[in-house]
Amino acid sequence: QLQLVESGGGLVQPGGSLRLSCAASGFTLDYYAIGWFREAPGKEREGVSCISSRNGSTYYADSVKGRFTISRDNAKNTVYLQMNSLKPEDTADYYCAASEPETVQAMCEMFTDLRPWEIFWGQGTQVTVSS
């Protein structure tokens, strides 16, 4: 069974850190660009960070630049999102997804244009930033 499983979410105080993991089973992540997306209550899903399959190029939304770092460990079939200096506005459900986009920027910014069979989603993990 093909699956993407996110983990690492939880409750953290403002200024704290979390590391999210996206582990694949049933297929190899090597060939896919992987993105992290988030959906806050009452808001649309947005692209947070994406990493390519080929050259490791990355994309970050302006709201997380300098605070979040995406990385991949193909040997472990896992992609990570290190989140530092967390803010209350980072509170959301975080999802990872696999796709074969033209660019990582396209994946993160225009994922809503992809057809359902062009992107494969995990079930999400909740992140709450609150004191």
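The values are calculated or read from the model by the stated rules, or taken from the named source; none is laboratory data. Since the structure is predicted, the reported quantities are computational estimates derived from the model, not experimental observations. With ideal geometry, Cβ positions are generated from the backbone for all residues, glycine too; neighbour counts draw on all protein chains shown. Please note that ligands, DNA and RNA were not included when accessible areas were found on the heavy atoms of the full protein model with its side chains. Shrake-Rupley method; radii C 1.70, N 1.55, O 1.52, S 1.80 Å.
Table for the structure above
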| quantity | calculated |
| --- | --- |
| The chain, accessible area per residue, ligands and nucleic acids excluded (1.4 Å, Å²) | 54 |
| Selection of GluC sites (Glu not before Pro), the stretch 34-88, meeting DSSP coil and at most 10 other Cβ within 10 Å | E44 |
| Charge context of P101, other residues only, Cβ under 13 angstrom, K/R +1, D/E -1 | -3 |
| Relative contact order, percent, the stretch 56-104 [alpha-carbon distance under 8 Å, six or more residues apart] | 32 |
| Relative contact order [Cα under 8 Å, 6+ residues apart], the chain, whole percent | 35 |
| Carbon and sulfur %, accessible surface of the chain computed with the full protein complex present, 1.4 Å | 45 |
| Stokes-Einstein D in µm²/s, Kirkwood radius over Cα pairs - the stretch 1-110 at 20 °C with 1.002 mPa s viscosity | 153 |
| DSSP-defined antiparallel bridges as percent of all bridges, the chain, nearest 5 | 95 |
